[in-house]
Amino acid sequence: MPLSIIRQHRDDLLAAMGSAAQSGSSLWLTKLISADALLVLSGSVLTSFVGVTGLIRRMSYDRCLPMFLSYTNPWRKTNHFIIIGFFLLTSCLYYIVRGNLESLASVYTMAFLSVMALFAVGNMILKYKRGTLRRAIYTPWPHVVAGFSLVFIGLIGEIIINFTYIRYFLLYFGVTFFIVMLMFSRNRVLKLLIYFGGPKCWKDMLSRHYKKIEDRPMLFFTRTDDPTVLNKAILYVRQNELTNSLKICHVYENERDIPPNLEGHVKFLDRQYPKLCIDLVSYSFFF
């Protein structure tokens, strides 16, 4: 096929190749390739909805996104807010780029490469901060650095080639980043709204919502009674979590395996942090 013909069929190149390759006037190969493309794209759309549902639900449980997104439809047992919201979001992007497939492909490529780079960054952080965690698969530092470098080079190359489309990527990234940061600071925002006042019913509603957020406990599972480990967990919760309740959990198989000083250390730490309610919860492995 001449290059000029290929450029004319950028959006349906496989079907055009099938039409050019077959002999006779029948178009069965073209129709077969088109049907195959339809099935593959349908599977891709389904996969994207399944993936984004799991991602948003997990982020909602981790309080990075509003909790209402994880509500389950009692009829179909699905997270309908996530599904409908993702459909509206993608439809909005399609409308903004006026259906330009090259723009959509560029935004998708930037997003995909950014996610892959963040996987490598997350691996580096875990290796540095949690190097002693038990894991079945161990990736050496050179592999992680090489993977990040190659993906980052690909991302920079994509941005340079399609720099005009980066504004669409930054638009959606900025909105998402703003929502996540707002979730991390929502208690401060509520305090400001309550402080500046308004109708009493409005302030009462905000106060109830503020208290509901702080009363939701955090869980920390421990297998040791080392006070330095427990204190580090408490400091993390105070600095990063919007709660005034921490439950330290220990799961045991036999009672003799319970660390002997765990209860005493938890009581001591509870007295040292009066603004944080610290409880000890023990569960038997065979409950």
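Which angle between 0 and 90 degrees, to the nearest 10, do you get for helix 28-61 versus the longest principal axis of the chain when only C-alpha atoms count?
10 degrees
What does a probe at S114 reach in region 178-218, counting residues whose amide N is under 17 Å from the point 7 Å along Cα→Cβ?
Backbone N within reach: 178-182.
Farthest toward the dipole's positive end in the chain, which of F152, G198, A120, given Cβ charges of +1 (Lys, Arg) and -1 (Asp, Glu) about the Cα centre?
After comparing all options, I get G198.
If you take the Cα atoms of region 143-287, find Rg, then find the Kirkwood Rh from the mean of 1/r over all pairs, what is Rg/Rh?
A ratio of 1.16.
Rounded to the nearest 20 debye, what is the charge dipole size of the chain about its Cα centre when +1 sits on each Lys and Arg Cβ and -1 on each Asp and Glu Cβ?
820 debye
Suppose only helical runs count, i.e. DSSP H with n ≥ 4. What mean residue ellipticity at 222 nm does that imply for the chain under -39500 (n - 2.57) per run, divided by all residues and rounded to the nearest 500 deg cm²/dmol?
The per-residue figure over the chain is -21500 deg cm²/dmol.
Rounded to the nearest Å, what's the spacing between the alpha carbon centres of region 31-63 and region 76-92? Just the number, please.
Between the Cα centre of region 31-63 and that of region 76-92, the gap is 12 Å.
Which three lengths, in whole Å and largest first, does the chain cover when its Cα atoms are put on their principal axes?
Largest to smallest, the principal-axis extents are 86, 56, 43 Å.
Can you list the residues, at least 5 places off or on another chain, whose amide H is less than 5 Å from the amide H of V251, using H built in the peptide plane?
Answer set, sorted by chain and number: T222, Y283.
Where does helix 80-96 land angle-wise versus the long Cα axis of the chain, in degrees 0 to 90, nearest 10?
40 degrees
Using θ = phi - 60° and the Karplus form 6.51 cos²θ - 1.76 cosθ + 1.60, what ³J(HN,Hα) does each residue of region 7-20 get, whole Hz, x for Gly and Pro?
5, 6, 10, 5, 8, 9, 5, 4, 5, 5, 5, x, 5, 6
Where the only charges are on Cβ atoms (+1 Lys, Arg; -1 Asp, Glu), what is the dipole of region 1-96 about its Cα centre, to the nearest 20 debye?
320 debye
Taking +1 at the Cβ of each Lys and Arg and -1 at the Cβ of each Asp and Glu, which of Q239, L269, T228 sits farthest along the dipole of region 215-284 towards its positive end, judged by Cα position relative to the Cα centre?
Q239
Take the Cα pairs of region 215-284, get the Kirkwood Rh, then feed it into Stokes-Einstein at 4 °C and 1.567 mPa s and tell me D in µm²/s. Present the calculation step by step, with values, prior to reporting the outcome.
On the way: Rh = 12.2 Å.
The diffusion coefficient I find is 106 µm²/s.
What does the charge add up to near L269, with Lys and Arg as +1, Asp and Glu as -1, over the other residues with Cβ less than 12 Å from its Cβ? Intermediate results must be reported in sequence, preceding the final value.
Values: positive: K232, R238, K267, R271; negative: D225, D226, E263, D270, D279.
Net of charged neighbours comes to -1.
With springs only between Cα atoms under 10 Å, which of N254, N100, N240 fluctuates most in a Gaussian network model of the chain?
N254
Can you tell me the dipole magnitude for region 215-284 around its Cα centre, using point charges on the Cβ only (Lys, Arg +1; Asp, Glu -1), in Debye to the nearest 20?
It comes to approximately 300 debye.
Along the positive direction of the dipole of region 1-111 (beta-carbon charges: Lys, Arg +1; Asp, Glu -1; about the Cα centre), which of F81, L104, M17 reaches farthest?
The residue sitting most towards the positive pole is F81.
What is the sum of charges, Lys and Arg at +1 and Asp and Glu at -1, for the other residues whose Cβ falls under 14 Å from the Cβ of P259?
-3
Sum up the charges of everything whose Cβ sits under 14 Å from the Cβ of S34, counting Lys and Arg as +1 and Asp and Glu as -1, but leave S34 out.
Net local charge, S34 excluded: -2.
What longest region of the chain stays clear of trypsin sites (Lys or Arg not before Pro) that DSSP places outside H, G, I, E and B and that have at most 10 other Cβ atoms within 10 Å?
In the chain, the maximal stretch lacking such sites is 136-274.
How far, in nm, would the chain grow between H9 and Q272 when pulled straight, counting 0.36 nm per residue and subtracting the alpha carbon separation?
Details: separation 263, 0.36 × 263 = 94.68 nm, distance 7.04 nm.
Length gained between H9 and Q272: 87.6 nm.
Any read-out appearing in this document is the output of simple, stated calculations on the displayed coordinates, not a laboratory observation. This one's a predicted model, so the numbers in the text were calculated from it and none came from an experiment. When we count neighbours, we look across all protein chains shown, and the Cβ atoms used for this are built from the backbone with ideal geometry, even at glycine.
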